[in-house]
1. Select from A:308, A:327, A:123 the residue farthest towards the positive end of the dipole of the protein assembly as shown; place +1 on Cβ of Lys and Arg, -1 on Cβ of Asp and Glu, and compute about the Cα centre.
2. Sorted by mean Cβ packing within 10 Å, highest first, what order do the peptides B:188-194, A:441-447 take?
3. Residue B:278: accessible area at probe 1.4 Å, nearest 10 Å²?
4. If the viscosity is 1.567 mPa s and the temperature 4 °C, what Stokes-Einstein diffusion coefficient in µm²/s follows for the range A:363-473 when Rh is the Kirkwood radius over Cα pairs?
5. Just to be sure I understand the interface: list residues from the range B:42-83 that lose 40 Å² or more of accessible area between the chain on its own and the complete protein assembly, 1.4 Å probe.
6. I want to check the label-to-label distance for residue A:388 and residue B:248. Put each point 7 Å from Cα in the C-beta direction and report it in nm to one decimal.
7. Which FRET efficiency, nearest 0.05, do residue B:166 and residue B:331 yield, Cβ-Cβ r, R0 25 Å?
8. For the residue pair residue A:464 and residue B:5, what label-to-label distance in nm results when each label sits 7 Å from Cα along the Cα-to-beta-carbon direction?
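The values are calculated or read from the model by the stated rules, or taken from the named source; none is laboratory data. Everything quoted here is computed from the prediction, not taken from an experiment. Neighbour counts run over all protein chains shown; Cβ positions are idealised from the backbone, glycine included. Heads up: the accessible areas ignore ligands, DNA and RNA and are worked out on the full protein's heavy atoms, side chains in. Shrake-Rupley method; radii C 1.70, N 1.55, O 1.52, S 1.80 Å.
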Amino acid sequence: MSALTRLRHMDFWTAITVLILTVLALLLILPILRVLMLGFVDADTGGFTFGNFVEVFTRNYYLNGFKNSLYVALLGTLGACLIGIPLAFFTARFVVAGQTWISTLAILVLVAPPFIGAYAWIMMLGANGFITNFFAHFGINTPTIYGAHGIVLVFTLKFFPFIYLMTQTSLNGMNKSFEDAAENLGCTPWQRFTKITLPLVFPAVSTGAIICFVLAIADFGTPAILGRGFRTLSTIAFSAYRSELGGLPTMAVTVSIVMMAMSMLALLAQRRILAKRRYASALTNPPRKQRMQGWRNVAMHLFCHGIVLIAMLPTLVVVYTSFLKTNGPVFIGGFGLESYERILRTAPDAITNSFIFALSAVVLITIFSGLISYVIVRRDTAASGAIDFLMMVPYLVPGVVIAIGYVTTFRGGPLDVVGTAGLLILLYFIRRLPYGVRSTTSSLRQIKPSMEEAAVNLGAPPAHAFLIITVPLILPGLIVGALMGFITAINELSSTLILYDGGTITMPVQIYLAVLDGEFGLAGALSTVLLICTGACVYAVFRFAENRDSAFL
Amino acid sequence: MASVEITGLRKLYGNVMALSDITLSIPSGAFYTLLGPSGCGKTTLLRTIAGFHAQNSGQIAIDGASIEDLPAHKRDVAMVFQDYAVFPHLSVRDNVAFGLKQRKVNRTEIDTRVTEVLEVVQLGHLADRMPHELSGGQQQRVGLARAIVVRPKVLLMDEPLSNLDAKLRVDLRAELRRIQRDLGITTVYVTHDQEEALAMSDIVCVMHGGIIQQAAPPLDIYLRPANRFVATFVGANNFLAVSRTAAKATLVSGGAEITPLIRDDGPVVGAMRPEDVRVLAAGTTAPEGDIIVSARIREISFIGREMEIFAQTDAGEHIKAVSRPDPAIVALPENSPVTLAIRPDDLSFFVDSGDGVRVP
């Protein structure tokens, strides 16, 4: 076929593939490449240099940040595993009362705004925290929450739901025959557990661990609020960006590249390990739950419920403080709604902005999720493989990186016409798109391709067939994806902090600023508003998702 | 009603030749079946006609007009799918009306045609049901109704009965054939079930490895298979080694001279259908003129309306025979000597190399 006839034959989906690739190239690849290139630019001369990387790996300021990031991310991940794996085993293999309650709380912890945990712990264990004060009454000094171990604690309690939910899903999907066979061949229960069960859930555990690690490396809010001189790469990148304002943010970018490299390396390592371990099996014989007896049963229940309650504690504290009577930043005893009055007075912009940005992003996410998942699932071309791969990129690239990419690429460029609000919407769209695509893709995989083929065969043009046949069938996936996109977009902090200006402040930014100012009442009220939105979306996901737990992963 | 002409069609998946120079011609109104094992290219060919795959080269023409440039939704060839592909969010009526709506047929005509076709497939009483309320057989009737209601030029069916249970399959088979005859609609039918193919078709086209092995009416396919593949794939066959010298050809088993039966030079093998082999207890005299091969019983299975006898000739060749149950034979212990009798006319010969083409 000649090029001309090829063009004439370009069907609807080829055109859509081109559109998707264009959008991803412009909004995802270009800013990231720009960031990567800036890492090799000399800030003063504008020439090419390796000096930035030399600086990062020789100066103690950066080296410490690197070590600190690695330290809290590794320990946080380890902590999450130590809590998440036993929790998953108990709930998957034994009868635990209030199982739905446990997984619901774990999911709420997962989706709660990430920085809330950090500042709620300050209110409990900080210099003037109520737990600190309570023990000080008796002359007992509680350990401070500031610094590395505070961050590790927050990471552990924030990220364990990933490990828990993934391991649980894997355990529930494991054919009981494997364990039966092991027992039948003479394994003791403990041998069966270590030789059969544990290796079989290893892929799930390691995937959960990688997610924890990547998120911990990229997390900005927690070390920013709890660090107090303990700097991680993400806070270093942010303050470098702030101090380089006006000039080229080369150091901020270089630090970000190191962060990305760490995440990528972790992911590649895990893929390599997993490559030889693919265990697919039909669930012909689903596992059955056993009943634990006596004190073991009590201990198990205490552990399971205790964990999720402690993890939920920050959220409860935040909601509680929002209802405390305040005078300015000071709590004056008793309950009152002053904090809510204040957010209506001082931060109505933040609330409306948050909703406008998140909703606009969700509209884009939903439209593109539908189209992208179709291209990924139904079209077996190099382009669809590339798009599938690109959908992993936003997971791996810290918010700070993309945000700096957006500033350096689009500010002053032709795309600047969309303004800061427009840039924020596009940024949320591209960063949260993978949530929508994941959920829609798994929905679409369950729809037989013959559905669309039948529609086309009966005379419907491809675009029409997609709209009237495919879209109604993948609607649950689209809705769940939209809700997940909304939850994660409205809670976005790190990249907004870099992009926002006077008129485009959002709730998370306002909360962050309020916490820095010690305005805990205001922060509490705003956080409660965020939590209510998030909670409502979670409830809606429960209604629409086929598998309520895995929808959040 | 329309005829289909396919010339030199070729389709590659990477380096794998899925269709290799397919040339065939389907007369108007014929029931044309593509038969072959999985991976033989039959479904690929059907889907290429439907426009779901683009061929690498070659032409498809309907009524003499090439359809190569038409996208799938403009080809006017309606397909019935193996997995029914009934739209789960539309009622039976809306499913059937789907193609008519795409063709912008007016409402009143849609209503009459849908009602009509639902009667034809005996689903009139279920018009307002949703697909999940229907059985597999009913869903496939919806699939059929949906395809024929648009009065396509060609009806394509991709193993439409293979997901149904055996009894239903046989019933629906007859019904499909009846409807196809009544409408006189040119039909291309894909199946791997030889019985289905033989029972329904005007022409059976046996495919293997992306190549057409033989396209002929069912009786010809069965009685005069074009090569060894067709001979084994459609019905079973026993193959017997033939030893040839310049002047004489004999069966290796039994040593019967068969020189006058072979009209070709070169190495050949003999073949016969299991039902053409008669098993006689030792000592019984065989009918006049039959080829006699002495053998021993290896195994006998009695499966109800017939018995299957697996025997080994004295020369070591394995032969399967099928016949009506004979208590005297079924009772024979292993290793009992028997006589196998074959009428010379029932022997056919294939070249003993390459494609194994039939020797006329």
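1. A:327
2. Per-residue Cβ counts within 10 Å, averaged per peptide and sorted highest first, yield B:188-194, A:441-447.
3. 90
4. In µm²/s, the coefficient is 83.
5. Residues of the range B:42-83 that lose at least 40 Å² of accessible area once the other chains are added: B:52, B:69, B:73, B:81, B:83.
6. Each label point is offset 7 Å from its Cα along the Cβ direction, giving 6.6 nm.
7. 0.20
8. Calculated label separation equals 3.1 nm.
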